[in-house]
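This report concerns only the one structure given below.
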Amino acid sequence: MTDETVPSWEEVAHRYGRTIYNFAYRLTGDRDDAYDLSQEVLLRVRKGLRSYRPGSFEGWLWRITRNAFIDETRRRKRRPTVPLPEADRSAAMGTAPSADEALAAVRLDDEIQSALLALPYDFREAVVLCDVVGLTYDEIAETAGVPVGTVRSRIHRGRAMMRERLA
């Protein structure tokens with residue numbers, strides 16, 4: 001996407017929807033939460049496109065995703081919920097996974113996903129943005145609002161924690 005063009009909401013949903021979901025799934029570790037987070041991100045993008053000024057579109061998009069995740073985490077701390085047992089969910093929702101769920105499940109195995117979820121949020125965010133989403137260190141720094149050196153440190157330490165957990 002060039003820096004001068006502002007895409008339509010439909011273009012954003014089509015081009016980035018799957019990637020937003022994958023990033024959300026890696027942050028939340030739950031397909032239902034990831035779906036909800038993806039929807040929230042797309043709603044925020046729809047509202048924000050009117051005021052978006054051309055620049056780093058992907059950085060803007062990942063910042064929205066990050067902020068939506070943080071907002072949801074804070075909301076859940078204020079209002080804890082009890083999830084339905086898995087047997088109740090599958091009976092109510094059906095057993096066939098959606099295409100996005102199947103894709104997300106194939107990309108990282110459960111052991112790696114578990115190791116990712118065990119990381120503190122700042123390290124998890126940096127590792128996911130680098131290794132799953134594929135952003136550069138500069139783009140991650142802009143998205144997270146931290147210096148590039150901090151990003152490098154978080155990725156290095158996050159990967160080390162994952163190696164230790166997976167060993």
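Per residue of the range 35-40, what does 6.51 cos²θ - 1.76 cosθ + 1.60 with θ = phi - 60° give for ³J(HN,Hα)? Whole Hz please, x for Gly and Pro, Karplus curve as stated.
With coefficients 6.51, -1.76 and 1.60, one gets 4, 4, 5, 4, 5, 4 Hz.
Multiply the residue gap between residue 150 and residue 36 by 0.36 nm, knock off their C-alpha separation, and tell me the result in nm, one decimal place.
The residue 150-residue 36 span can extend by a further 38.1 nm.
So if R0 is 30 Å, what FRET efficiency would residue 163 and residue 70 give, r being the distance between their Cβ atoms, rounded to the nearest 0.05?
E(calc), rounded to 0.05, equals 0.70.
When ranked by the protection proxy of mean other Cβ atoms within 10 Å per residue, highest first, what sequence do the peptides 134-147, 58-71, 16-29 form?
16-29, 58-71, 134-147
If you rank 8, 38 by fewest surrounding Cβ atoms within 10 Å, what's the result?
8, 38
Could you give each residue of the range 43-60 its phi-based ³J(HN,Hα) in whole Hz, using Karplus coefficients 6.51, -1.76, 1.60 with θ = phi - 60°, and x for Gly or Pro?
For the range 43-60, the Karplus curve yields 5, 5, 5, 4, 5, x, 4, 5, 9, 5, 10, x, x, 7, 4, 5, x, 4 Hz.
Bear in mind these aren't lab numbers, they're just calculated from the coordinates by the rules spelled out. Source: prediction; values computed, not measured. Because the Cβ atoms are built from the backbone with ideal geometry, glycine has one as well, and the counts that use them run over all protein chains shown.
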